[in-house]
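Everything below concerns the one structure shown next.
The values are calculated or read from the model by the stated rules, or taken from the named source; none is laboratory data. Predicted model only: the values in this text are computed from it and were never measured. So basically every Cβ, Gly included, is an ideal-geometry build from the backbone, and we count neighbours across all protein chains shown. SASA here: full protein model, heavy atoms, side chains in, ligands and nucleic acids out. Shrake-Rupley method; radii C 1.70, N 1.55, O 1.52, S 1.80 Å.
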Amino acid sequence: LSAQAIAFDEQFDLYTYTKSLQANPTTRVDCVLLDEAQFLTKAQVIQCSEIADLCKVPVLAYGLRSDFQGEPFPGSMYLLSWAEEIIEIKTVCHCGKKAIMNMRVDEHNRPIKQGEQVEIGGNERYISVCRKHLFAGLDFPLYAEVVDSVTQKS
């Protein structure tokens, strides 16, 4: 399967674009697929709702819940709040528990605690971990006893 894809920025109006495609008799819109949905703005998440509700086109959005410090991305926050259905793609932490967080690590696999929320590229600098191991890596006081297991097993 293949389909045309477009890149867009925070100013792009997803609803207006979809309506324009639907108005074109040579274009058929069966579904809207969004990758990296954590980067959507609140307005764009509303537009996704409008596409689903008013255009009657399913919208499937794929993205992360939170950043490397456990903070929600704005797009994810509204998608999780307003989605009709949420399906997780499950991964496993090195300890065997469900991995729900993404830890940013340096070239020696040590947790990075500070930095910009978004780092373009660098996919090799992230590991999936459970909440306990993310908090330990960020030095949350009550999680100090598991810090060694984060750096030794990651």
Check: Is region 76-86 home to any residue that is farther than 18 Å from ARG131 by Cα, over 12 Å from the mean Cα position of the chain (by Cα) and of a type in the set (S, T, N, Q)?
Finding: yes
Check: Within the set of pairs 6+ apart or on separate chains, which have a first residue in region 116-134 that is closer than 22 Å to LYS97 by Cβ and β-branched (Val, Ile, Thr), a second that is in a loop (DSSP other than H, G, I, E, B) and open to solvent by 50 Å² or more (accessible area, probe 1.4 Å), and C-beta atoms under 9 Å apart?
Finding: ILE127/HIS94; VAL129/HIS94; VAL129/CYS95; VAL129/LYS97
Check: From the residues in region 17-45 that are touching a residue at least 24 places away in the same chain (Cβ under 8 Å) and β-branched (Val, Ile, Thr), which one is nearest to LEU79 (Cα to Cα)?
Finding: VAL45
Next item on the list: Within region 1-35, track down each residue that is among the polar types (S, T, N, Q) and part of a loop (DSSP other than H, G, I, E, B).
Entry: SER2, GLN4, GLN11, ASN24, THR26, THR27
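Given region 36-154, what helices (runs of 4 or more DSSP H) lie entirely inside it while holding 1 or more residues that are surrounded by fewer than 20 Cβ atoms within 10 Å (Cβ to Cβ) and modelled with pLDDT of 95 or more?
In region 36-154, 42-54, 74-82 are the helices (runs of 4 or more DSSP H) which contain 1 or more residues that are surrounded by fewer than 20 Cβ atoms within 10 Å (Cβ to Cβ) and modelled with pLDDT of 95 or more.
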Notebook entry, point to check: Only one of (1) of a type in the set (Lys, Arg); (2) out of contact with any Cys (no Cβ under 8 Å at 6 or more places or on another chain); (3) touching a residue at least 24 places away in the same chain (Cβ under 8 Å) fails for LYS56. Which number is that?
Noted result: (3)
